[in-house]
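*Asks:* Mind looking over this structure? Questions follow.
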Amino acid sequence: MIRLEHISWSAPDGKPVLNDVNLDISEGKLVVITGPNGGGKTTLARIIAGMETPSSGQFFLDARDITELDVTQRAKKGLSFAFQQPVRFKGITVRQLIEIAAADKLSQEQLCDVLGRVGLCAKDYLDREVNATLSGGEIKRIEIASVLARHTRLTIFDEPEAGIDLWSFKNLISVFHEMRGALQGTLIIISHQERILNIADEIVLLSNGVIEAVGSKEDMMRRVLAQGGVAAACCKQEEIFYE
């Protein structure tokens, strides 16, 4: 489905972040990109989504070079991105945000379903504005609900566990399990949480801007957990959730 060839990217100060990254991701896979903090995971996700342009290399979707397409053009081709820190929209309600994402009017039942999948009661949220009155955990769950409503071919989640409470995280794992079981598209999740790694079809280990290894969950888990930064994050998974 997607192929990255010789992707490199440097920060504005000239510091290299990604170095000659090559990666193939097939249709219908749940792929987790993991590795130590600062290794380039989020940058790689932003390049796939079209938010950053690589300094060199090419990005292919269905064997077509879309390297020069921006984020809006890629969205029209079926790519979605869920931010680690979601954007707030003053003046837009939760109902409006989800219907904009779905590009359609949704029934109350449909809205209840999509919000319920991320642990929110629709009647308490549909008419609320997507603004500073929502907690970090609430805004994260609403953004994930809007992504789910789009039904895109390729969905990228950047550390979806960040900023949500433990109950919501467990519910989120259930959502990913459900999506994995009825996958009609491809999921890429940026994460170093062991519970998310455990539902992957494939794991990509990215460290210091270089892909060190790619393989099945069974082949990769021991190697991933042996990485210092990843192992520490996994060990602290009960401590990082907050509202």
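*Asks:* Can you list the strands (runs of 3 or more DSSP E) lying wholly within segment 115-212 that have 2 or more residues being in contact with a Lys or Arg (Cβ under 7 Å, 6 or more places away or on another chain), buried (at least 18 other Cβ atoms within 10 Å of the Cβ) and touching a residue at least 24 places away in the same chain (Cβ under 8 Å)?
*Replies:* Details: elements: 154-158, 186-190, 202-207.
The strands (runs of 3 or more DSSP E) meeting that bar are 186-190, 202-207.
*Asks:* Which condition does Lys105 not pass, out of (1) of a type in the set (Lys, Arg); (2) buried (at least 23 other Cβ atoms within 10 Å of the Cβ); (3) in a loop (DSSP other than H, G, I, E, B), if it passes all the others?
*Replies:* (2) is the only condition that Lys105 fails.
*Asks:* Please verify whether Phe83 is surrounded by 17 or more Cβ atoms within 10 Å (Cβ to Cβ), in contact (Cβ under 8 Å) with a residue 24 or more places away in the chain and within 25 Å of Val118 (Cβ to Cβ), treating the condition exactly as stated. It would help to see each step written out before you state the result.
*Replies:* Details: surrounded by 17 or more Cβ atoms within 10 Å (Cβ to Cβ): yes; in contact (Cβ under 8 Å) with a residue 24 or more places away in the chain: yes; within 25 Å of Val118 (Cβ to Cβ): yes.
Yes.
*Asks:* Still on this structure: Given the structure, is Val32 under 22 Å from Ile196 (Cβ atoms) and either modelled with pLDDT of 95 or more or assigned to a strand (DSSP E or B) (or both)? Lay out the reasoning, then the answer.
*Replies:* Working: under 22 Å from Ile196 (Cβ atoms): yes; either modelled with pLDDT of 95 or more or assigned to a strand (DSSP E or B) (or both): yes.
It is true that Val32 is under 22 Å from Ile196 (Cβ atoms) and either modelled with pLDDT of 95 or more or assigned to a strand (DSSP E or B) (or both).
*Asks:* Does segment 128-135 contain any residue that is of a type in the set (D, E, K, R), modelled with pLDDT of 90 or more and farther than 27 Å from Pro36 by Cβ?
*Replies:* Of all residues in segment 128-135, those of a type in the set (D, E, K, R) come to 128-129.
Keeping just the survivors that are modelled with pLDDT of 90 or more gives 128-129.
Then drop every residue that is not farther than 27 Å from Pro36 by Cβ, which leaves 128-129.
Yes, that holds for at least one residue.
The values are calculated or read from the model by the stated rules, or taken from the named source; none is laboratory data. As the structure is a computational prediction, the values presented were derived from the model and not from experiment. Virtual Cβ from ideal backbone geometry, glycine too; neighbours counted across all protein chains shown.
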